[in-house]
Amino acid sequence: MTEEQPWQAWLNTANPILKSPRNQTRTVFSWAIIIKDCLWIVGIAILLGGVLNYTLLLDGINGKLIAEIQQKQLTDLRQKAEQLYPGISFINLISAKKLYDDKLALFLDARTTPEYQSAHIYGAMSLPIRMLVQGDIQLDKVLPDKEALLITYCDGGECDTGLELAKELSERGYNNILVLGEGYPGWEAAGYPIEKAGIKQ
Amino acid sequence: MKLLQNEYLHLAVRLLLGGLFLYAGLPKIMDTMGFASSIYNYKLFSSFVIGLTAAFIPWVEVLAGLALVLGVKVRSAALIISLLFVVFISLAAISAIRGLDIDCGCFSGVERKANWMAMLEDIALLGCSFFIFYFDRGRISPMALINKISSPSKTEDVS
């Protein structure tokens with residue numbers, strides 16, 4: 001035992017094969033040891049993670065984290081748009097609401113039909129990007145005016161279907177398209193008119 | 001059943017699983033906010049839970065993965081990884097049932113949706129993890145090698 005370092009002894013517990021022949025007390029299967037070592041691993045992880053991410057943890061406790069994540073996702077989406085689809089611009093909530101109140105823009109919901117049915121911006125038209133790409137929607141019939149001002153949206157910064165719908169429409173000859181980056185969740189959180197399960201709110 | 005006792009198979013599975021967890025965990029440590037954002041997309045957790053998970057889980061993944069690769073505390077690491085897989089499988093199943101079209105956030109930079117396919121893959125990996133837990137004793141590993149070099153008399157097999 002004397003030649004075995006303490007750290008080796010610790011590492012070798014629950015590793016019966018590595019036990020010395022002189023140290024005949026062969027470690028048998030022991031839940032206690034295994035769980036103790038699990039706690040060690042998790043404990044070190046908590047220590048390292050806690051020290052390195054304490055600001056993130058504090059934001060989580062204060063409830064600010066979700067707002068930060070939404071902001072980050074929106075920024076990422078805008079960056080992605082700038083790189084991939086340079087011609088497409090975003091519109092913020094307040095400007096979008098102004099256009100909405102003046103009835104100057106048509107809102108297009110790029111999410112799936114069930115999502116649209118459960119809740120959407122009041123007066124918005126459902127135009128699921130997948131159905132459009134598959135050719136299930138006759139665009140000339142639903143949107144005859146190519147110069148109309150269109151605002152696309154989806155579920156906020158975490159989704160890019162609103163952006164992709166805008167790109168698809170601009171490729172098909174529509175000229176006035178804006179993307180509402182905050183999407184439906186942002187619109188709802190701002191207290192603007194929505195339609196939930198067929199009822200205006 | 002002899003194959004299950006094969007030490008080289010143990011080593012291969014352990015390196016695969018350990019490497020996978022290092023590969024999954026390290027980028028999350030580098031980009032905690034990105035990982036937090038992936039957790040948020042599941043739409044299941046509060047701000048508090050997202051903060052805790054984003055701060056700690058990547059480190060648990062990395063340490064458990066490292067333990068498997070090095071052959072240290074193999075069974076404990078395999079147990080932790082099994083528990084993580086149970087969580088991942090549940091999350092993939094819940095997202096698939098709810099019809100969410102989201103990235104699973106498993107590996108940053110790799111597109112992998114949280115759906116039935118991801119769930120089946122995770123179940124297979126959970127099998128690997130159980131396999132290590134039951135059969136692998138870290139006989140061939142860097143740690144065993146260090147032990148061998150530092151104290152040659154101890155290399156005799158006692159089993």
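Tell me, please, whether a residue that is among the hydrophobic types (A, V, I, L, M, F, W, C), within 14 Å of chain B (Cβ to nearest Cβ), in contact (Cβ under 8 Å) with a residue 12 or more places away in the chain and within 24 Å of B:Ser46 (Cβ to Cβ) can be found in segment A:58-75.
Checking segment A:58-75: at least one residue is among the hydrophobic types (A, V, I, L, M, F, W, C), within 14 Å of chain B (Cβ to nearest Cβ), in contact (Cβ under 8 Å) with a residue 12 or more places away in the chain and within 24 Å of B:Ser46 (Cβ to Cβ).
From the list A:Glu168, A:Glu195, the lone residue that is in contact with a Phe, Trp or Tyr (Cβ under 6 Å, 6 or more places away or on another chain) and not in a loop (DSSP other than H, G, I, E, B) is A:Glu195. Scanning segment B:1-40 for residues that are β-branched (Val, Ile, Thr) and open to solvent by less than 30 Å² (accessible area, probe 1.4 Å) yields B:Val13, B:Thr32, B:Ile39.
Taking the listed residues A:Ile88, A:Ile94, the one that is surrounded by fewer than 17 Cβ atoms within 10 Å (Cβ to Cβ), over 18 Å from the mean Cα position of the chain (by Cα) and not aromatic (Phe, Trp, Tyr) is A:Ile94, with no other qualifying.
Is it the case that some residue within segment B:114-125 is under 30 Å from A:Gly60 (Cα atoms) and not in a helix (DSSP H, G or I)? Yes, that holds for at least one residue. Being within 14 Å of chain A (Cβ to nearest Cβ), open to solvent by less than 70 Å² (accessible area, probe 1.4 Å), assigned to a helix (DSSP H, G or I) and not hydroxyl-bearing (Ser, Thr, Tyr) is a property that holds for B:Ile132. For segment B:135-159, filtered to residues that are open to solvent by 30 Å² or more (accessible area, probe 1.4 Å), hydrophobic (A, V, I, L, M, F, W, C) and in contact with a helix residue (DSSP H, G or I) (Cβ under 9 Å, 6 or more places away or on another chain), the residue that is modelled with the highest pLDDT is B:Phe135. Only one of the numbered conditions (1) more than 16 Å from B:Glu7 (Cα to Cα); (2) more than 8 Å from chain A (Cβ to nearest Cβ); (3) assigned to a helix (DSSP H, G or I) is violated by B:Phe107, and that is (3).
The values are calculated or read from the model by the stated rules, or taken from the named source; none is laboratory data. What you see is a predicted model; the values in this text were computed from it and never measured. So basically every Cβ, Gly included, is an ideal-geometry build from the backbone, and we count neighbours across all protein chains shown. Only protein heavy atoms, including side chains, enter the accessible area calculation; ligands, DNA and RNA are left aside. Shrake-Rupley method; radii C 1.70, N 1.55, O 1.52, S 1.80 Å.
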